[in-house]
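Colleague: One structure is given below, represented as structure tokens, and several questions about it will come after.
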Amino acid sequence: MACGGESKDSDNAGATGGSGGLGRGGTGTGKGGTGGSAAAAGKAGAGAGGSEPRGGTGNGGTAGNGEGARAGVGTGGMPPNGGRGGSAPMGGTAGRAGSAGRGGNAGAGTGGLDAGGEGGMTGAACTTDDCLCVGQTCELDCAAAGVLDACNFTCEGDATCDLACPKGVCTGTCEESSCVLDCNGGCELECQDASCDVQCETGGCNANCQAGSNCTTACPTGGCHTDCQGEGGTCTVNDCPGGCYMGCGPGTTCELPTCSGGCIMECLGASCSIDSCQAGCSLACSAGSTCHIDECTDGSCHVGWLQTDDPTPSTLVIGDCAGGGCNVECRAGDTCTIESCAGGDCTITCTEGATCNCSATGCMVVAPTL
């Protein structure tokens, strides 16, 4: 420890405390200098904490020994994952820890410089093809200036990814991982044996779900497209006001809970459903599938079958066609039903060998047109 010399002005400062070295969890402790012995004491030294990447602890400098000496101010470590506040055992002011969360702010004295306080998730801006996460928990924000340099995300190796695309039109791959993509609009995410959740704020997003992935797309402004493939795969498009499309491969289960109108689903899977359609929805059903539109409030919904040589029977149902004008096309061997048609003018086009069940009122069984 250095001692300050005597001075009439008493403005000699104490020596600066030492700094902690680099290392895993290293601790730097600054020791304050001794104040001058004149009327006003010298200033205390300032201790600096270790700058180790994983969160060294900085201790406050010791106060000077002269009269009125000020305590040293400890500076904590500066880790990318959020340091702890520096302690001041002899009057030094401890810095507060950095805030947790995406891109946490640095604390006063000791803050996380990159990812916030202890326990905060890594939040990083990325551009173009630099948005990569392998086997970790990542928050990746696309820092593209516009759609022309939109990002391409890659998450793989059992990663957990929280992805943001504020300018829209990003692309990405999620393989054997769990991914949430918040997109302004027009994004495309490919999922391979993964769990994918796409929040598509202004519509037009595509989800390509392969190898039995579990995919959910929220599409509040419409026009989203989901392709669902692979045994055991489940796909859902939520909150679609219109114009959404779902293509569902063998062994998959697809659901479109709500559609204001004009949604289309093509089903080769085990089960496909449109829970509630305002008007004009269409569901095409393959051999061996169960396909149903539960509710068609304003009418004109249609359930038919995809062209196939497979004779395996299918089940086609329209539950409540309140608006009327609904139709089911029924091929030989299939079982087809319209349960209710309050608006009238509903029909089941019934091929010979099919089982056709029309509601008691407002519905009629008709022969195919040759």
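Colleague: Summing +1 for each Lys or Arg and -1 for each Asp or Glu, what net charge is found among the other residues whose Cβ lies under 11 Å from the Cβ of Cys350? Kindly include the intermediate steps, with their values, before the conclusion.
Modeller: Working: positive: Arg331; negative: Glu329, Asp334, Glu352.
Within the 11 Å Cβ shell, the charges total -2.
Colleague: I'd like the Karplus ³J(HN,Hα) series for region 171-188: coefficients 6.51, -1.76, 1.60, θ = phi - 60°, whole numbers in Hz, and an x wherever there's a Gly or Pro.
Modeller: Working through the residues one at a time gives 10, x, 10, 10, 10, 6, 8, 10, 10, 10, 10, 9, 10, 5, x, x, 7, 9 Hz.
Colleague: For the residue pair Ala332 and Asp309, what label-to-label distance in nm results when each label sits 7 Å from Cα along the Cα-to-beta-carbon direction?
Modeller: It is 1.5 nm.
Colleague: While we're here: Taking the Cα centre as origin and putting +1 on Lys and Arg beta-carbons and -1 on Asp and Glu beta-carbons, what dipole magnitude results for region 164-257, to the nearest 20 debye? Let's see the in-between values first.
Modeller: Numbers: 1 positive and 12 negative charges, 53 e Å.
Charge dipole, region 164-257, about its Cα centre: 260 debye, nearest 20.
Colleague: Still on this model: What net charge is computed for the residues neighbouring Cys151, neighbours being all others with C-beta under 11 Å from the C-beta of Cys151, Lys and Arg scored +1, Asp and Glu -1? Show your work: numbers first, answer last.
Modeller: On the way: positive: Lys167; negative: Asp129, Asp130, Asp141, Asp149.
Overall, the nearby charge balance is -3.
Colleague: Can you list residues from other chains, or at least 5 along the same chain, whose modelled amide H is less than 5 Å from the amide H of Leu306?
Modeller: Cys285, Ser286
Colleague: Note down the net charge around Asn214, summing +1 for each Lys or Arg and -1 for each Asp or Glu among other residues with Cβ under 11 Å from its Cβ. Mind showing how you got there, number by number?
Modeller: Values: positive: none; negative: Asp193, Asp197.
Value of the local net charge: -2.
Colleague: A further question follows. Test of understanding: ordering Val198, Val317, Val303, Val147 by Cβ neighbours within 10 Å, fewest first, what list do you get? All intermediate terms of the calculation are to be shown ahead of the outcome.
Modeller: Values: Val198 26, Val317 20, Val303 30, Val147 14.
The most exposed by this proxy come first: Val147, Val317, Val198, Val303.
Colleague: Then there is this: In terms of modelled amide H atoms, which long-range or inter-chain residues lie less than 5 Å from the amide H of Ala354?
Modeller: Gly333
Colleague: Could I ask something else about it? Quick one: length gained pulling Asn357 to Val134 fully straight, 0.36 nm per residue minus the C-alpha distance?
Modeller: Full extension of this stretch gives 74.9 nm more.
Colleague: Fewest first, what order do Asp149, Asp197 take by the number of other Cβ atoms within 10 Å?
Modeller: Numbers: Asp149 12, Asp197 21.
Exposure proxy ranking, most exposed first: Asp149, Asp197.
Each reported figure results from applying straightforward, stated rules to the coordinates on display, with no laboratory input. What you see is a predicted model, and the numbers here were worked out from it, not measured in a lab. Because the Cβ atoms are built from the backbone with ideal geometry, glycine has one as well, and the counts that use them run over all protein chains shown.
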